[in-house]
1. What Kirkwood hydrodynamic radius do you get for segment 554-657 when you take the inverse of the mean 1/r over all pairs of distinct Cα atoms, in Å?
2. In 5 Å bins starting at 0, how do the alpha-carbon pair distances of segment 345-478 split up by percent?
3. If you line up the long axis of helix 376-387 against the longest principal axis of the chain, both from Cα atoms, how many degrees apart are they, to the nearest 10?
4. Against the globular-protein guess of 2.2 N^0.38 Å, express the Cα radius of gyration of segment 117-212 as a ratio, rounded to two decimals.
5. Give the Rg/Rh ratio for segment 96-164, taking Rg as the radius of gyration of the Cα atoms and Rh as the Kirkwood radius, to two decimals.
6. Label segment 488-628 by shape, choosing from rounded, prolate and oblate, from the square roots a ≥ b ≥ c of the eigenvalues of the Cα gyration tensor; if a/c is under 1.5 it is rounded, and otherwise prolate applies when a/b is larger than b/c, oblate when it is not.
7. Gap in Å between the Cα centre of segment 151-203 and the Cα centre of segment 473-546?
8. Using every Cα-Cα pair within segment 308-416, state what percent have a distance larger than 16 Å.
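Values quoted throughout were computed directly from the atomic coordinates according to the rules given, and no laboratory measurement underlies them. This is a predicted model, so every value here is computed, not measured. Methodologically, a virtual Cβ is constructed for each residue, glycine included, from the backbone with ideal geometry; neighbour enumeration extends over all protein chains shown.
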């Protein structure tokens, strides 16, 4: 049974209006000019009312970081009285143009900065079969990247196609780096001194060994095995789940460590390999569960090289760039906190936290690293420089059943790029929703609301640009009834309200941001590694209405707290808001629209039509849908009823007549009004049956099942060892899907983690 609905969802971008598409309504074509009146096109104006339904902040930011209701007179601290309240025209235009764009499946008029693949963190289960490699130059390459991977197969034989998914041994040899490693330590004389474990009660000290003795021995082990040093070693092997793992026994002839499990096989043969320490010297572990480092090795019999393709190299560069961008973001946040005199966040990763060896090397400008500001080109150049030095760049590779490298990553449980991943821009291009590059590509929303192309039009020295046919006039506050208080300001010592933190969008989570070609949500078993595939399509992100927040004050939102003073750098704060009931009026002028174009606009301004068919029969009131405006939409803020109350419309023929006869000029003749419902008769055929419209309507109305609309587990308190219950929920969801993929019988899909779409196509 559904107990909550996700705070954000998506409107499919598919075009499924077969009847409409035939007459060109939703097709791409050059817009008509503004230089003459077309006989059958319509011009006029709509009288519009706007009523606030849930606390709304259309706003502006204060210097101290609060979001407030803007002032018509321009007061920098926001308005303090109702008559001075302002809803910017640009805000309302953005709401309506985005809605028009969504329901007509038009091109996205703003879509920039999405031309790189997205990275995501690999789960523990997915890291089980990764191959240690060195990125090295390919001396025989005449084309491609000029790089290849030396696959360090360890004790495995040379693998054939079909054997890569289940090698007999894990390739890398375990080198303990912590007393929590599940390995044993031996003293300089070869005597057993310690049997390690994660839990203290399972750790065993032998022969009077102390914890200090263990720490000293591990320190000597680190000294004997610096990063990328070439060493001679022996090892032991033991069962490890469905395979075997190898553990270092001696280093350059001195016994240091070994296995703890009974029955572990000892091999007296010596091998030669390279030490790979992902954690830089002198730093803390990368993660709490990282207790080991590695030795990469191969031999003359199993030495194997594989090509590194352009896509794989670009993916590796993108992974590195995502780490650097995260550090840059953390530094900006910390700077803001420092400026505000706020304490450091205790649960958030710090910008100076330990990084992998490679990231640490990039940041180390004193030893030739390109530094934190490195762009993608600088990262690739640095990789090539490191690859040219023996033994190369240590990495981990995902390899398919044919032996082809599909991806490279910095660590086993780290960020990666999926092998078949496409950039959001590529998916948008495949779906025909990228911004128009010229007049011929203009979609319906482009022709209605205007657009400016990002690129120069062929044969011209400037990009295509079209002025829209819609003008929204200033939004005026209605007369406030006596006794009402539509503008809510803090009282007493309060300076506002602290809201639950609103995080930035996370498209890398995958499923919530994607649909299939047919508009259906991806199967619930889809993992992140299977997202942004070529057969998937983007969505238009929307925030469904919170019907439980209708007519409620801001204090009714869960976990809202009063604010005293200035908000902290990581706090989301509101300094004033419009209360439910607040009313406004405006006028929307239009010119040169077809009857269908105008009908869709009027439909968006008819709240009774923004209701799913099934909800109209529930008998619940009010049976209307809402647009979302301003700040805090994931929390239920910003629900507004926008209604066309009257319309004055003229055809091109009628307007031409008034100009010829000098009728109606300068207000000499009062225009006649047209009934709003009459215009809805011109809606395109099957418009309300289309998938995009049905999804938009569901988002506008929300749900009447008394379930909360929220982020998953948003109402759960955070434990001491987690950043956020929401983050934990998505982590658990991904782990469940990955486990199910590996063993469906043992790990069934947990429906607690289902993320259904707003609407699905009708069954065929």
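1. 17.6
2. Histogramming segment 345-478 at 5 Å steps yields 2, 7, 10, 12, 11, 10, 9, 10, 11, 10, 5, 2, 1, 0, 0 percent.
3. 10
4. Segment 117-212 yields a ratio of 1.59.
5. 1.25
6. Taking the square roots of the gyration eigenvalues as a ≥ b ≥ c, segment 488-628 is oblate.
7. 47
8. Of the Cα pairs, 63 percent sit more than 16 Å apart.
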